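The values are calculated or read from the model by the stated rules, or taken from the named source; none is laboratory data. Worth saying up front: this structure is predicted, and the values here are computed from it rather than measured. A quick note on method: Cβ atoms are made from the backbone with ideal geometry, for glycine too, and the neighbour counts reach across all protein chains shown. Ligands, DNA and RNA are stripped out before the accessible areas are found, and what is left, the full protein with its side chains, is counted by its heavy atoms. Shrake-Rupley method; radii C 1.70, N 1.55, O 1.52, S 1.80 Å.
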Amino acid sequence: GLYVKSHYRYVVDMPKTRPLSWNKEQLPQWVKVASAEQGDRTVYRFEAENVARVVPEPNMPGFAEVATPLHLSTYQNWEQVGRYYWGLVREQLVPNEELKRAVETALKGVDKKDDAKVVAALYGFVVTNTRYVALEFGIHGYKPYRVTQVLARRFGDCKDKASLIYAMLKLAGVDARLVLLRMRHLGTLSPEVASLAAFNHAIAYVPKLDLFLDGTAEFHGSRELPTADRIANVLIVEPDAPSRFLTTPEAQPDENLTTLAVDVTLKPDGSATAKGSLSAKGQGAPELRRQYETTGTRVVTFEQQWAQSIRRRACHLVKGACKLFVE
């Protein structure tokens with residue numbers, strides 16, 4: 001943790017019928033583990049002395065990768081976790097006529113034989129027509145609300161949005177999955193222990209396109225997975241097969257490309273005219289969309305960005321010009 005601990009003790013009292021598993025291979029040797037049976041129960045003790053503090057650094061790896069967590073669970077494997085979660089959520093995914101009409105409206109003019117275009121249209125509908133609002137009371141910390149409620153309310157949290165994406169894709173004939181995700185800043189975990197506690201986010205997945213979809217990523221396109229969701233542990237929940245625990249991939253270089261082209265015409269009197277273009281795909285695109293979302297501030301934003309861009313390039317191309325330009 002962030003503080004030195006002179007003595008650490010964690011005690012778990014469990015029924016014998018519910019054996020506890022933990023990340024035995026991952027725990028450092030200085031963590032002492034003991035268990036003792038007391039009647040029909042088993043008491044587990046995890047203890048350590050003089051535990052050093054973790055000194056935070058900018059952009060350091062997720063916390064679980066610099067300070068080994070103690071991960072406990074009564075689940076024996078990830079298949080059990082997936083089976084439990086599917087049983088918890090499947091009744092929440094049942095559509096109604098209103099949802100069917102919403103799918104038809106969202107796909108108006110879209111080539112329904114092109115799965116990529118269908119996914120993009122339905123993902124865009126959920127992202128732009130439902131706000132992120134978390135009402136995670138009681139069981140709804142894990143269980144999404146019914147997709148029909150999410151559509152009617154026009155808001156929901158991450159698992160609500162993922163469920164709505166799933167249900168709409170299913171109506172459109174596109175096979176999809178619900179996905180539990182552990183965001184990148186928390187650090188990846190060993191697959192040794194299976195539990196729901198590992199995750200703090202939910203998204204969707206389209207197997208045919210190998211495409212993860214985050215319904216909370218407001219300014220992202222269907223092929224622009226947020227950085228927080230990359231190199232992150234996920235459990236792809238399978239309805240009729242063992243669920244899969246894996247790590248999401250990092251984006252390839254050609255998926256993240258920002259291109260700036262400037263054409264400057266110098267005149268004999270020392271003045272100049274310039275024109276150019278800026279395009280972005282991948283991680284740079286959502287921020288540009290956010291900056292230019294408000295119509296009334298687009299011109300000001302444009303002028304500021306281009307002024308900074310031209311100044312940087314003038315400094316780079318002409319030695320001495322930078323000092324003069326800044327002054």
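Starting from the Cα gyration tensor of region 130-257, take the square roots of the eigenvalues, sort them a ≥ b ≥ c, and report rounded, prolate or oblate (rounded when a/c is under 1.5, otherwise prolate if a/b is larger than b/c, else oblate). Please list the in-between numbers first.
Details: a/c = 1.38, a/b = 1.17, b/c = 1.18.
In terms of gyration-tensor shape, rounded.
Can you sort Glu287, Glu47, Glu218 by 1.4 Å-probe accessible area, starting with the largest?
Values: Glu287 75, Glu47 50, Glu218 110 Å².
Correct descending sequence by accessible area is Glu218, Glu287, Glu47.
For Lys170 and Glu287, compute 0.36 nm times the residue count separating them, minus their Cα-Cα distance, and round to one decimal in nm.
Values: separation 117, 0.36 × 117 = 42.12 nm, distance 3.04 nm.
Result for the pair: 39.1 nm of gain on full extension.
Could you put Arg177, Arg45, Arg131 in order of accessible surface area, largest first, with the 1.4 Å probe and the full protein assembly present?
Result, largest first: Arg131, Arg45, Arg177.
Each Lys and Arg Cβ is given +1 and each Asp and Glu Cβ -1; about its Cα centre, the chain then shows a dipole of about 460 debye.
Between Val11 and Ala34, what is the spin-label point distance in nm, taking each point 7 Å from the Cα along the Cα→C-beta axis? Output for this residue pair reads 1.2 nm. Taking Cβ atoms as reference points and 15 Å as the exclusive limit, the residues near Ser195 contribute a net charge of +2, counting Lys and Arg as +1 and Asp and Glu as -1.
If Lys and Arg each add +1 and Asp and Glu each add -1, what is the summed charge of the other residues whose beta carbon sits under 12 Å from the beta carbon of Ala120? Write out the running numbers ahead of the final one.
On the way: positive: Lys117, Arg223; negative: Asp111, Asp114, Asp115, Glu224.
Summing Lys/Arg as +1 and Asp/Glu as -1 gives -2.
Suppose we keep just the DSSP beta bridges with both residues in the chain; what percent of those would be antiparallel, to 5? In the chain, DSSP labels about 95 percent of beta bridges as antiparallel. Report the calculated FRET efficiency for Gln308 and Phe63 (r = Cβ-Cβ distance, R0 = 35 Å), to the nearest 0.05. After rounding, the FRET efficiency stands at 0.50.
Angle of helix 78-89 to the longest C-alpha principal axis of the chain, folded into 0 to 90 degrees and rounded to 10: 80°. Where is the GNM fluctuation largest for the chain (alpha-carbon springs, 10 angstrom cutoff): Gln252, Gln304, Gln76? Fluctuation is largest for Gln304.
Over the chain, with a Gaussian network built from C-alpha contacts below 10 Å, which listed residue (Gly124, Gly215, Gly138) shows the highest mean-square fluctuation? The residue that fluctuates most here is Gly138.
Comparing Cα centroids, region 78-145 and region 278-304 end up 29 angstrom apart. In the list (1) 19.9, 62; (2) 25.5, 96; (3) 24.5, 98, the label attached to Rg and Dmax of the Cα atoms in Å as derived from the coordinates here is (2). The label point for Asp269 and the one for Asn50, both projected 7 Å from the Cα toward the Cβ, are 7.8 nm apart. Mind checking which lysines have their C-alpha under 16 Å from Lys117, skipping anything on the same chain fewer than 8 residues away? Leaving aside lysines fewer than 8 places away in the same chain, those within reach of Lys117 are Lys108, Lys170, Lys208. Working from label points 7 Å from Cα in the Cα-to-Cβ sense, the Glu218 to Glu25 distance is 4.2 nm.
Residue ranking by accessible heavy-atom surface, 1.4 Å probe, largest first, among Lys208, Lys112 comes out as Lys208, Lys112. Extension gain for the segment Ala116 to Gln76, taken as residue separation times 0.36 nm less the Cα-Cα distance, is 10.7 nm to one decimal.
Using the per-residue mean of other Cβ atoms lying within 10 Å as a proxy for protection, in what order, highest first, do the peptides 14-21, 80-87 fall?
Result, highest mean Cβ count within 10 Å first: 80-87, 14-21.
Each peptide in 188-195, 1-8, 199-206, 88-95 receives the mean, over its residues, of other Cβ atoms within 10 Å, and ordering these scores from highest gives 199-206, 188-195, 88-95, 1-8. Helix-only arithmetic for the chain: the sum of -39500 (n - 2.57) across DSSP H runs with n ≥ 4, divided by the residue total, places the mean residue ellipticity at 222 nm at -8500 deg cm²/dmol. Could you tell me which of Tyr84, Leu178, Ala116 has its Cα farthest along the dipole of the chain towards the positive end, charges placed at Cβ (Lys, Arg +1; Asp, Glu -1), taken about the Cα centre? Of Tyr84, Leu178, Ala116, it is Ala116. Between 0 and 90 degrees, the angle of helix 158-171 with respect to the longest Cα principal axis of the chain falls at about 80 degrees.
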